[in-house]
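Any read-out appearing in this document is the output of simple, stated calculations on the displayed coordinates, not a laboratory observation. Keep in mind that this is a model prediction, so the values were computed, not measured. Every residue, glycine among them, receives a Cβ derived from its backbone with ideal geometry; neighbour counts consider all protein chains shown.
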2 protein chains.
Amino acid sequence: MATLFRSSRSLRPLTRLAAQQPARSSLRYTSSTSSRHGAAAAASVDSSSTETPFFPDEPAGPTVKTAIPGPNAKKAIAELHKVFDTRSLNMMANYQHSYGNYIADLDGNVLLDVYAQIASIPVGYSNPSLVKTAMSPEMVSAIVNRPALGNFPQHDWASILETGILKVAPRGLNQVFTGMSGSDANETAYKAAFMWKRQQQRGGAHVEFTDAEIESSMNNAAPGAPQLSIMSFKTGFHGRLFGSLSTTRSKPIHKMDIPAFDWPQAPFPNLKYPLNEHVKENEAEEKRCLEEAEEIIKNFHNPVAAVVIEPVQSEGGDNHASPAFFRGLREITRKYDVLLIVDEVQTGVGATGKFWAHDHWNLQDPPDIVTFSKKAQTAGYYFGNPELRPNKPYRQFNTWMGDPARALLFRSIINEIERLNLVENTAMVGDYLYAGIETLAQKYPQQFQNLRGQGQGTFIAFDNPKRDEFLLKAKTLGINIGGSGASAVRLRPMLIFQKHHADILLDSLEKLAKSL
Amino acid sequence: MATLFRSSRSLRPLTRLAAQQPARSSLRYTSSTSSRHGAAAAASVDSSSTETPFFPDEPAGPTVKTAIPGPNAKKAIAELHKVFDTRSLNMMANYQHSYGNYIADLDGNVLLDVYAQIASIPVGYSNPSLVKTAMSPEMVSAIVNRPALGNFPQHDWASILETGILKVAPRGLNQVFTGMSGSDANETAYKAAFMWKRQQQRGGAHVEFTDAEIESSMNNAAPGAPQLSIMSFKTGFHGRLFGSLSTTRSKPIHKMDIPAFDWPQAPFPNLKYPLNEHVKENEAEEKRCLEEAEEIIKNFHNPVAAVVIEPVQSEGGDNHASPAFFRGLREITRKYDVLLIVDEVQTGVGATGKFWAHDHWNLQDPPDIVTFSKKAQTAGYYFGNPELRPNKPYRQFNTWMGDPARALLFRSIINEIERLNLVENTAMVGDYLYAGIETLAQKYPQQFQNLRGQGQGTFIAFDNPKRDEFLLKAKTLGINIGGSGASAVRLRPMLIFQKHHADILLDSLEKLAKSL
């Protein structure tokens, strides 16, 4: 294995390795299966059989050789469990053998991966362009010489930001605070919101802290540690550290036994599907939720500094709302002078068929803050208003403040997205996939309930009454697929997921539907 | 620059690059200056002039060519400020030109770095062994194929942990939860403590959550979100996210305007120096602090689940306490069945002359949890008690749960520490450096007040009445040095800091003392 890297002239060692993987098996599907989803194929000018693969040396389909976990994986899991909690383990992988849309395990199984590390792999395993970046002198230095960015930024940090993270900044936002995880991104955004709100209450950036504020802050008491809040939405997910977990409302298992702030939650619209058959009810439901949100903002005993919301509630079960709902929320937050934080940790970076999911909303007035992580492979938050920079240094600060190595990787991901036109690809393949599942839903209505995500790229989900069995069985058909909420099957393919992959997935989904 | 990496047969490209840097200037110091610190040199069998340098191609001393920031740095800082807050910027660096103990800027200045990215660079800039690791196929895959470790760990994760992070686990602790930053490490440790305490109150791992707990947890209310607390110490620092910041008690600027939990703080001993002249007073002070800590644990209205403490309060001004104090705290926490979390984020990984600073305490009964980050280049917490694994999966979980790339780097750091015997080196050089500063303190008592850290490796500090001016002026003499608390100058050299570096530092300290 290591010998493949000895010659650095080979820039695609992992590619070559992947190409050596067995690509054919009894479970291999070819693009000819697309004819089975005639409705979907007909809806598109492009047909999957004429599609040019982004990675021609990708496996042609999944390979399933053993039960998963197989004997080698079982041994490795037992070994790992001695020192690391493996009870949430889904599959032990060999990433050096994984390539493109395919994840390999330790027993020769190679699965089409439409879960992608909980929606975190953007452009494929062992992507050759990213491998090249990973081997670059800039990356080597970034790995070895990790700076404390707030104190000792590296000479090219502005350029790395401008040609990377900021190049894809949401419209209206031109500043960034870099961090390390989605939780971290949201919590630093909340901190910015609290500082901004108190500054506003205080009368501006020039007003000094009072002695009472200074003293009480050190005692974790008001006014220095104020009784302000962040409003989030029921079934939303924003992370698992103490501040972010206080806004997370997904499942009790995420929150149990952890002290939390007394912060409010508004209802998130519970839409009925298919949308076109429930237009009036859904409008009424969204109106009700907006009214309750407004009521909380007006009256909650710990005043709301900011509202945080996901464009699609991703851990909470793939709950969608209409662009009109989000525009309404923008209006309300503006009316009461609270910030709107859009948590794009899971929705961001292309998977909804727009680079940022909130691009679907056609906002006149952009969000105040947008947080990112996962597919960006780094984390942080964007903002545009200079007042969101705290009035003094060292208020928003930590040792690392992000990771230049991951910022370099995100830049490389952005370049790959542009090179292969992957956002547009995802929009197109998403439509194709959605149409295919819609056809399946007509045929097997029990197995594909509440199909959602139309026009949202590959960010598609449906409910299945035997969801966990569905997910488990998918592996035996060569598909790695994830769930969310109580009963949702959530599709989170990478941005390099093409129609021929969709055909494999659709074929497996039909097999699953038949077998359950 | 990039061409240096084209041939991968060259395993020390950054080394070679660094060697090309101008090493000689009017401000260069040689080991012959050690004779000026005769007392220190005499105290040691080994003299700096006979010392073998770890990195023979390191610059022989600092180079100062311009004011810092110089013209190139000024331009780059202005550019960066447009998109990134630079008000906390100390120095803009070029890390590809930095090597060993020396940090380079954009104007040809090369400084001896005894601050080391806020105590985060363990074995030198562009360390050749680390460069080799950074270019390895394992690292390239880890960069490109970042897993969701809790769900899809990589096949060699157990081995990476066992031959790396766990190889240096503190005595009595054999499990790890990996994370991404010091704040993250502490907050996940706090979560573990709260889950453990509630489980204990509930009557064991087998007792199911009640409906009341399940419902209230989703509303951020007790009993599901319990009114428990973490006790920390005045002037302690444990991070800046919402839970960790609630235990941080360093400075108002760190806490202002951020909502905080109603958690208690105990006094940290305020020792008088020199220690041998204040034995009785200091004993009384430590007794007072322990009594107050016990009082809080017994009576605080939000029951204490865990106590968190730094072996040396590092951001709060380099405040030390005696091993007896920490043994007393271990006794009290055991007596009242609360966990003892030792925050080794800044003290860990060798700088105190032991691998973990709490190794100095001779505890019979180890801490329950030890957190790490900074020099480890990754983060997380160690524990030993299996009950600190939550009773169900997905309670302590997040997408990435650490970073295999950083875990690989820490393993390489550990190997480098062993290869060069760097913990012992740091103990020895620390004694030499301490003796040298002690001599200076006798000569310039105003400039080196409350010298502390004897026997604690290079983890040395002193107070200076014009501290900020002292730090600024140090740069003009070719030394990058940091402060902490209100008036402390804190030394945080890397583990590869040798006597000949100490001589350069001592010489500069004397120049500074004379000039202020």
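Going highest first, how would you order A:359-368, B:179-188 by mean Cβ packing within 10 Å?
B:179-188, A:359-368
When the Cα atoms of segment A:103-178 are enclosed in a convex hull and the volume is divided per residue, what value in Å³ results?
155 Å³
Is there a simple number for the mean count of other chain Cβ atoms within 10 Å of the Cβ of residues in B:155-162, and what is it?
6
Looking at the P(r) of chain B, how many percent of alpha-carbon pairs lie beyond 37 Å?
Above the 37 Å cut-off, chain B has 31 percent of its Cα pairs.
Farthest toward the dipole's positive end in segment A:258-380, which of A:290, A:259, A:348, given Cβ charges of +1 (Lys, Arg) and -1 (Asp, Glu) about the Cα centre?
Result: A:348.
List the pair-distance distribution P(r) of segment B:274-327, using every Cα-Cα distance, as the percent of pairs falling in each 5 Å bin from 0 up to the bin containing the longest distance, rounded to whole percents.
The calculated distribution, bin by bin, is 4, 16, 22, 24, 19, 10, 3, 2.
Looking only at trypsin sites (Lys or Arg not before Pro) in DSSP loops with at most 14 other Cβ atoms within 10 Å, what is the longest site-free stretch of chain B?
It runs B:273-465.
Give, as a single signed number, the net charge of other residues whose beta carbon lies under 11 Å from the beta carbon of residue B:107, with Lys and Arg counted +1 and Asp and Glu -1.
For residues surrounding residue B:107, the net value is +2.
Give me the percent relative contact order of segment B:151-417, please, defined on Cα pairs under 8 angstrom at least 6 residues apart.
RCO, segment B:151-417: 28 percent.
Give the Debye-formula value of log10 I(q)/I(0) at each listed q (0.14, 0.20 Å⁻¹), with one equal scatterer per alpha carbon of segment B:241-395, two decimals each.
Relative scattering, expressed as log10 I(q)/I(0), comes to -0.78, -1.59.
How many percent of all Cα-Cα pairs in segment B:371-516 sit more than 18 Å apart?
Value for segment B:371-516: 65 percent of Cα pairs lie more than 18 Å apart.
Mean separation of Cα pairs under 8 Å and 6+ residues apart, divided by the residue count of segment B:83-169: what relative contact order is that in percent?
Value for segment B:83-169: 17 percent.
For chain B, find the longest principal axis of its Cα atoms and tell me its angle to the long axis of helix B:404-420, 0 to 90°, nearest 10.
On a 0 to 90 degree scale, this one is about 50.
Relative contact order of segment A:210-304, please, whole-number percent, based on alpha carbon pairs below 8 angstrom and at least 6 residues apart.
Value for segment A:210-304: 24 percent.
Against the longest alpha carbon principal axis of chain A, how many degrees, from 0 to 90 and to the nearest 10, is the axis of helix A:422-443 turned?
70 degrees
Please get the size of the charge dipole for segment B:230-331, origin at its Cα centre, with Cβ charges of +1 on Lys and Arg and -1 on Asp and Glu, quoted in debye to the nearest 20.
Here the size comes out at about 200 debye.
According to the Cα gyration tensor, what semi-axes, each the square root of 5 times an eigenvalue, does the equivalent ellipsoid of the protein assembly as shown have, listed from largest to smallest in whole Å?
47, 33, 27
Leaving out same-chain residues fewer than 8 places away, which lysines sit with a Cα under 30 Å from that of residue B:335?
A:82, A:255, B:191, B:197, B:234, B:272, B:280, B:287, B:298, B:354, B:392
What size of dipole, in debye to the nearest 20, comes out for segment A:137-418 about its Cα centre when the only charges are +1 on Lys and Arg C-beta atoms and -1 on Asp and Glu C-beta atoms?
Value, rounded to 20: 160 debye.
By how many degrees, between 0 and 90 and to the nearest 10, does the Cα long axis of helix A:182-202 differ from the longest principal axis of chain A?
The angle comes out at about 20 degrees.
Of the beta bridges DSSP finds with both residues in segment B:151-417, what % are antiparallel, to the nearest 5?
The antiparallel fraction comes to roughly 50 percent.
Looking at the square roots a ≥ b ≥ c of the eigenvalues of the Cα gyration tensor of segment B:171-267, which shape do they give, rounded for a/c under 1.5, prolate if a/b is larger than b/c, or oblate?
Judged from the Cα gyration tensor, segment B:171-267 comes out oblate (a/c at least 1.5, b/c at or above a/b).
How big is segment A:137-418 along each principal axis, measuring the range of its Cα positions in Å and listing the largest first?
Principal extents (Cα only, largest first): 57, 53, 39 Å.
Counting only helical runs of four or more DSSP H residues, what would the 222 nm mean residue ellipticity of chain A come to if each run contributes -39,500 (n - 2.57) and the total is spread over all its residues?
Per the formula, -11000 deg cm²/dmol.
Taking the Cα centre as origin and putting +1 on Lys and Arg beta-carbons and -1 on Asp and Glu beta-carbons, what dipole magnitude results for the protein assembly as shown, to the nearest 20 debye?
That gives the protein assembly as shown a dipole magnitude of about 1780 debye.
If you take the charge dipole of chain B about its Cα centre, with +1 on Lys and Arg Cβ and -1 on Asp and Glu Cβ, which of B:430, B:379, B:112 is farthest toward its positive end?
Comparing the listed Cα positions along the dipole, B:112 ranks first.
Under a cut-off of 13 Å between alpha-carbon atoms, report the aspartates and glutamates in cross-link reach of residue A:511, not counting same-chain residues fewer than 8 places apart.
Straight-distance partners of residue A:511: A:503.
Among the lysines, which fall within straight-line cross-link reach of residue A:132, defined as a Cα-Cα distance under 17 Å, with same-chain neighbours fewer than 8 residues apart omitted?
B:132
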